[in-house]
Amino acid sequence: MSGPPNPFRALESYTKSDRESFFGRDGDLTLVIDRILTRRTTLLFAASGAGKTSFINARVVPELEGRFFIASHNRWSGKEPGALVLDTVRAEWAESPWNEKTPPVPPPSGGGDSVLLAAFAAMQPRKSCSGALLILDQFEEVFQQHADTPGLAAFVNSLAELINAPAPDVRVLFSMREEFLGELSIFDNRIPDLFNNYYRLKNPSRRQARSIIVNIVGRSGVVPDAGLSSLLDDLVMAGQVIGDSREGRSVRDSVPPPYLQIACHGLWEKQFQSSGKEARADGRKKESEGIAFPAEYTQGGALAQLHYYCDGILKRLDDTQRDRLAEALGFLITRRGAKVAYEVSALAEHSEMPEDELRTLLDLMSAKGTKLFRRTEAADGSTWYELYHDMYAPFLTLWKASHQKERRARARQRWMGAGAAGFVVVASIAGLAFWS
């Protein structure tokens, strides 16, 4: 018998419909909303994996959609960036409850600098609408895919004109990974407030992580077990360099959300899929059962689940694919554990691999349900790959070392086997020569 449905997401993002099940960001929400309401532009940034997109979708949008028309955009490939954003704005406005459904003046169809301003100016929202909020999520991909293109220049001009125009009242939220902040220099002297109104979304603290887990399991009618404290200790340590000893490490009081979700998802599956406990249909706990999570937790259990998650993906590969992945990781992850984006043809050349086979391998590792890598298509037609999350780097680094050790052992075995066979042949020839 299976237990309660698994409430943890692994790497699946939260959406607007998940507002009631997204916990631990109340303080962040208050500060970000305050910034959005006080300035025309807000910059939200964080490290990869901190949960920016989930935070925006599950908390920011539901909090403000009762006051603002919101258009949220995060896809940056296929067209010029201005055209992509315009498509999203038009589609969101057509379905918005703020739309009076009166035919608006159609905005210009070309890619001119005034296209976004014209699109918002043509809207006729209900009188109670406070304005519009344009969310530009994963904004770093604009620079990855459209760097030094005319389309990017036109998009920058269009955004600057929209933000600086006294009317209509459109606020813009830029959301991006912190390592790309330097790219925003393209807006120098164009958007005065951009670096004056920002917020860095940090990983949840240990206390916040505890609240997240307690609230998530509570919605399934499950209570926290005494082992939760040990689980949190392991999750905090997992946010540091995987593979080091516990002694000598500086303890940071934070938990990367991907670690929390993946580890707890695996622990939940292990506990309830093997326990035979059954939950009531309404999801509430039977008091007589005393269902608690994580039951019988032992130190290191979270790290074991994180390794198991990555290993489960890598075991889908055959020996040749694993050998090639190990070689590619030497270029995609630095010695200090930082991820590096690589263009596929350059990666194939440097790693001395056939480009088509390397591309097939990385596409497999980028597919939905796997997401070890992120694939992006640049405006010039080139294809780039990078780790989907920084969290993978320490695990893949350990896997690479282990795999290469096994590979050398296999090579020695083949060499010794070949050597033994050669010895037999030589001995046979020598014997024939002796008796002839």
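The values are calculated or read from the model by the stated rules, or taken from the named source; none is laboratory data. Everything numeric in this text was worked out from a predicted model, so none of it was measured. Virtual Cβ from ideal backbone geometry, glycine too; neighbours counted across all protein chains shown. Surface accessibility is based on the protein's heavy atoms, side chains included, excluding ligands, DNA and RNA. Shrake-Rupley method; radii C 1.70, N 1.55, O 1.52, S 1.80 Å.
Sort out which residues of the stretch 28-51 are over 14 Å from the mean Cα position of the chain (by Cα), among the polar types (S, T, N, Q) and open to solvent by 10 Å² or more (accessible area, probe 1.4 Å), and write them in order of number.
Residues of the stretch 28-51 over 14 Å from the mean Cα position of the chain (by Cα): 28-44.
Imposing the further condition that a residue be among the polar types (S, T, N, Q) reduces the set to 30, 38, 41-42.
Correct list: Thr30, Thr38.
Pick from Ile212, Ile135: which is modelled with pLDDT of 95 or more, assigned to a helix (DSSP H, G or I), surrounded by 15 or more Cβ atoms within 10 Å (Cβ to Cβ) and not acidic (Asp, Glu)? Testing whether each residue is modelled with pLDDT of 95 or more, assigned to a helix (DSSP H, G or I), surrounded by 15 or more Cβ atoms within 10 Å (Cβ to Cβ) and not acidic (Asp, Glu) leaves just Ile212. Among the residues of the stretch 183-201, the one identified as touching a helix residue (DSSP H, G or I) at 6+ places or on another chain (Cβ under 6 Å) and of a type in the set (Phe, Trp, Tyr) is Tyr199.
Using the structure shown, decide if Leu228 is modelled with pLDDT of 95 or more, open to solvent by less than 20 Å² (accessible area, probe 1.4 Å), closer than 23 Å to Arg9 by Cβ and not acidic (Asp, Glu).
Working: modelled with pLDDT of 95 or more: yes; open to solvent by less than 20 Å² (accessible area, probe 1.4 Å): yes; closer than 23 Å to Arg9 by Cβ: yes; not acidic (Asp, Glu): yes.
Taking the combined requirement at face value, the residue satisfies it.
Could you identify the single residue in Ser77, Ser54 that is crowded, with 16+ Cβ neighbours inside 10 Å and under 22 Å from the mean Cα position of the chain (by Cα)?
Being crowded, with 16+ Cβ neighbours inside 10 Å and under 22 Å from the mean Cα position of the chain (by Cα) holds for just one of Ser77, Ser54, which is Ser54.
Could you list all residues from the stretch 144-157 that are more than 17 Å from Leu86 (Cα to Cα) and either more than 26 Å from the chain's Cα centre (by Cα) or open to solvent by 20 Å² or more (accessible area, probe 1.4 Å) (or both)? Those that are more than 17 Å from Leu86 (Cα to Cα) and either more than 26 Å from the chain's Cα centre (by Cα) or open to solvent by 20 Å² or more (accessible area, probe 1.4 Å) (or both): Gln144, Ala147, Asp148, Thr149. Just need a number here: residues in the stretch 342-359 that are closer than 12 Å to Thr383 by Cα and among the hydroxyl-bearing types (Ser, Thr, Tyr). Counting residues in the stretch 342-359 that are closer than 12 Å to Thr383 by Cα and among the hydroxyl-bearing types (Ser, Thr, Tyr) gives 2.
For the stretch 305-340, a residue qualifies if it is open to solvent by 10 Å² or more (accessible area, probe 1.4 Å), part of a helix (DSSP H, G or I) and small (Gly, Ala, Ser), and the qualifying residues are Gly312, Gly330.
Counting just the residues of the stretch 341-358 that are in contact with a Ser or Thr (Cβ under 6 Å, 6 or more places away or on another chain) and either open to solvent by less than 60 Å² (accessible area, probe 1.4 Å) or outside any helix (DSSP H, G or I) (or both), which one comes out nearest to Gln144 (Cα to Cα)? Of everything passing the filter in the stretch 341-358, Glu343 is nearest to Gln144 (Cα to Cα). The C-beta contact set for the stretch 386-411 (first residue without any contact (Cβ under 8 Å) to a residue 12 or more places away in the chain and open to solvent by 30 Å² or more (accessible area, probe 1.4 Å), second residue of a type in the set (Gly, Ala, Ser) and in a helix (DSSP H, G or I), distance under 7 angstrom, 6+ apart or interchain) is empty. Counting the residues of the stretch 44-80 that are of a type in the set (Lys, Arg) and touching a Ser or Thr at 6+ places or on another chain (Cβ under 6 Å) gives 2.
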